[in-house]
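Below you'll find the structure, written out as structure tokens, and then a few comments.
The values are calculated or read from the model by the stated rules, or taken from the named source; none is laboratory data. As the structure is a prediction and not an experimental result, all values here were calculated from the model. Note that each Cβ is placed from the backbone with ideal geometry, even for glycine, and that neighbours are counted across all protein chains shown. Ligands, DNA and RNA are excluded from the accessible area calculation, which covers all protein heavy atoms including side chains. Shrake-Rupley method; radii C 1.70, N 1.55, O 1.52, S 1.80 Å.
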Amino acid sequence: MRTFLAALALVALPLFANEKPAPPADLTSPPPDAERGDDGLITKKLSDGTGTEHPKTESLARVRYTVWKSDGSLVQHVPEPRSATIAVSKMLPGWGKAVQKMVVGEKQRSWIPFALAGDKLKEGESLIFDTELIEIVELPVAPPDVAAPPADATITKSGLAYKVLRPGTGNEYPNRRRKVVVQYTGWTPEGMQFDSSIERGLMAFGLDNVIAGWTEGLQLMVKGEKTRFWIPARLGYGSDRSKPQSMRGMLVFDIELIDIK
């Protein structure tokens with residue numbers, strides 16, 4: 001049986017000694033000019049950002065960050081050029097509150113007390129985050145033309161309909177033997193979102209290992225392109241009884257082709 005998608009493994013690469021960031025000098029003693037909250041959260045802006053909006057609880061935030069425990073041990077390090085897209089609501093409570101104070105481009109240090117660290121600490125411990133807010137990611141919403149392809153959509157001989165939402169910058173088209181990296185969201189014609197990589201992160205898969213509508217559609221795209229596809233049941237899950245009834249009809253996908261392997 002064909003699988004639909006295979007997740008791109010975000011492997012934690014080993015860090016060489018010169019890549020391991022040293023704990024900041026104020027690890028356990030926040031400076032006097034740091035902002036202190038009544039709940040014990042302490043934050044200090046390290047550099048200004050260029051944005052004007054702040055993430056909300058329901059936002060996704062694309063960030064780079066480093067985390068230490070108060071004893072100086074390194075917990076996690078996501079350095080440039082890597083980044084992670086995380087729902088603010090799924091961050092540790094204190095980190096989420098700290099990130100909501102930031103604007104895009106800003107760098108911040110935050111001291112997260114035991115009470116705001118969820119179940120990640122022992123009594124008396126705290127976490128120190130250095131965070132860079134790269135982007136506030138909009139949550140996908142069902143497009144207005146989700147029920148049927150619009151008049152300006154292109155329809156192939158197989159019945160696959162598509163419309164380019166954003167032209168790409170590449171000039172190479174993947175063939176069915178290639179592997180691609182994508183960002184995507186899928187809806188039923190009723191507007192029910194049933195899958196999205198936006199929160200999980202980029203996905204990588206071979207074009208010979210997905211539903212026929214994806215195999216055909218991705219071969220029409222170039223790197224950097226974003227396209228909406230209306231995939232008829234016979235090119236999707238129409239005959240797959242392991243899928244819920246809602247997914248065995250036409251499916252609509254917004255797909256962004258990030259890379260071709």
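Values as computed for the structure displayed
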{"quantity": "Considering residues of the stretch 151-180 that are of a type in the set (Val, Ile, Thr) and touching a residue at least 60 places away in the same chain (Cβ under 8 Å) only, the residue farthest from Gly224 (Cα to Cα)", "calculated": "Thr156"}
{"quantity": "Residues of the stretch 78-104 that turn out to be farther than 20 Å from Leu139 by Cβ and open to solvent by less than 40 Å² (accessible area, probe 1.4 Å), as a count", "calculated": "5"}
{"quantity": "Pairs, first more than 25 Å from Thr28 (Cα to Cα) in the stretch 64-88, second assigned to a strand (DSSP E or B) and open to solvent by 50 Å² or more (accessible area, probe 1.4 Å), C-beta under 9 Å, six or more apart", "calculated": "Ser83/Arg62; Ser83/Glu135; Ala84/Arg62; Thr85/Arg62; Thr85/Glu135; Ile86/Arg62"}
{"quantity": "Strands (runs of 3 or more DSSP E) contained in the stretch 192-261 and holding at least 2 residues surrounded by 16 or more Cβ atoms within 10 Å (Cβ to Cβ) and β-branched (Val, Ile, Thr)", "calculated": "226-231, 251-260"}
{"quantity": "Residue list for the stretch 108-142, restricted to those being of a type in the set (Asp, Glu) and closer than 22 Å to Glu199 by Cβ", "calculated": "Asp119, Glu132, Glu135, Glu138"}
{"quantity": "Hits in the stretch 105-127 - residues which are open to solvent by 20 Å² or more (accessible area, probe 1.4 Å), assigned to a loop (DSSP other than H, G, I, E, B) and of a type in the set (Gly, Ala, Ser)", "calculated": "Gly105, Gly118, Gly124, Ser126"}
{"quantity": "Residue list for the stretch 128-158, filter: out of contact with any Phe, Trp or Tyr (no Cβ under 9 Å at 6 or more places or on another chain), part of a strand (DSSP E or B) and open to solvent by 40 Å² or more (accessible area, probe 1.4 Å)", "calculated": "Glu135"}
{"quantity": "Residue among Gly94, Gly37 that alone is modelled with pLDDT of 95 or more and within 28 Å of the chain's Cα centre (by Cα)", "calculated": "Gly94"}
